[in-house]
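Note sheet for the following structure.
What follows draws every value from the coordinates through simple rules; no lab data is involved. Note that the structure is a prediction, hence the values are computed from the model and not measured. Positions of Cβ are generated from backbone atoms using ideal geometry, with glycine treated the same way; all protein chains shown enter the neighbour counts.
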């Protein structure tokens with residue numbers, strides 16, 4: 001699990017804003033940030049990893065720009081090698097959904113990203 005956890009943390013943190021595993025956002029954290037599901041598929045299989053991009057804003061422009069940046073990095077599949085194998089991240093057919101904030105604060109904008117992650121032997 002160490003390889004998957006490290007790779008996912010490095011990947012989601014590579015976009016210039018903090019990234020946290022779901023339910024681990026520090027109380028003092030300020031938006032923008034990314035939260036993501038931490039999961040690891042068995043070797044040569046896949047799992048869905050989703051992430052949420054959070055911004056405090058009156059529009060979706062900033063969050064949409066960050067979605068575009070992530071989408072371009074993944075492209076048609078992003079391969080990340082590690083000792084003994086590789087992780088491949090793909091965009092799911094419905095890669096992004098913009099969702100309303102559940103607590104009713106209209107200034108919190110969120111994009112829900114859905115990816116498929118595979119771990120393969122090297």
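Tabulated results
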read-out	value
Cα→Cβ-extended label distance, 7 Å offset, between residue 17 and residue 88, nm	2.9
The chain - percent relative contact order, Cα under 8 Å, separation 6 or more	27
Two-site label geometry, residue 108 and residue 5: point separation in nm, points 7 Å out along Cα→Cβ	2.6
Nearest 10 degrees, 0 to 90: helix 61-74 Cα axis against the chain principal axis	10
The chain: radius of gyration and largest Cα-Cα distance (Dmax), Å	14.6, 47
Helix 2-12 vs. the chain, principal-axis angle (Cα, 0 to 90°, nearest 10)	40
Sites residue 72 and residue 47, calculated FRET efficiency, Cβ-Cβ separation with R0 22 Å, nearest 0.05	0.45
Within the chain, helix-based [θ] at 222 nm, where runs of 4 or more DSSP H residues each add -39,500 (n - 2.57), nearest 500	-6500 deg cm²/dmol
Euclidean distance between Cα centres, the range 23-40 to the range 78-122, Å	13
